[in-house]
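Below is one structure, written out as structure tokens, with a few remarks after it.
A short reminder: the numbers here are calculations on the coordinates, not readings from a lab. This one's a predicted model, so the numbers in the text were calculated from it and none came from an experiment.
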Amino acid sequence: MALFWMFCGGMAILTLAPRWVVWSLVDLFRGYRWNVGDYPFFEPGVVNLRLFQTFRFSPYFLVGNIVMFVPFGFLPALLWRGCTWRRALLAGLCLTGLIESCQLCVGRAFDINDILLNVLGVLWGYGLWRLAQRLAPGQTEKFHVRFSEEQQ
């Protein structure tokens, strides 16, 4: 469970911080002051609603956007009972939609292709959980979080 929440925190920093924040953190370790360029924390981002436009940039972009969200499909299904592919799909859409919307406020881009690829990653993660469930029946239930009512 702790691993899941650490992953969520890392993803929040990676996806919601303005790009200059990451470089400022690197600069701090190099001995420079914070935000040397005096960039604003909140600034408007750009919007891309054209499907498949950003797919031509790099295979790393495609794979990265998918792989980054695989744990959001795998870990919730592993930890909580009653997770179906529909719930994973809905959670993936809500999560990545929220992230993309928040990125508009910090000078990053809202990209419909990111939503598509991220949700695909969530569904792949859920599919991996189903595969693990079939390959090792009875083993995946050991990871379910037990709430106080279930323990009694």
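Summary of values
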quantity: Spatial extent of the range 51-127: Rg and Dmax, with the Cα atoms as the point set, Å; calculated: 12.7, 39
quantity: Helix axis angle, 19-30 relative to the chain longest principal axis, alpha carbon, degrees; calculated: 80
quantity: Sorted largest first, extent of the chain alpha carbons per principal axis (Å); calculated: 55, 37, 25
quantity: Selected from GLY121, GLY64, GLY97 as most flexible by GNM, with the chain as the system and alpha-carbon contacts under 10 Å; calculated: GLY64
quantity: Residue-averaged [θ]222 nm for the chain, counting only DSSP H segments that reach four residues, each worth -39500 (n - 2.57); calculated: -19500 deg cm²/dmol
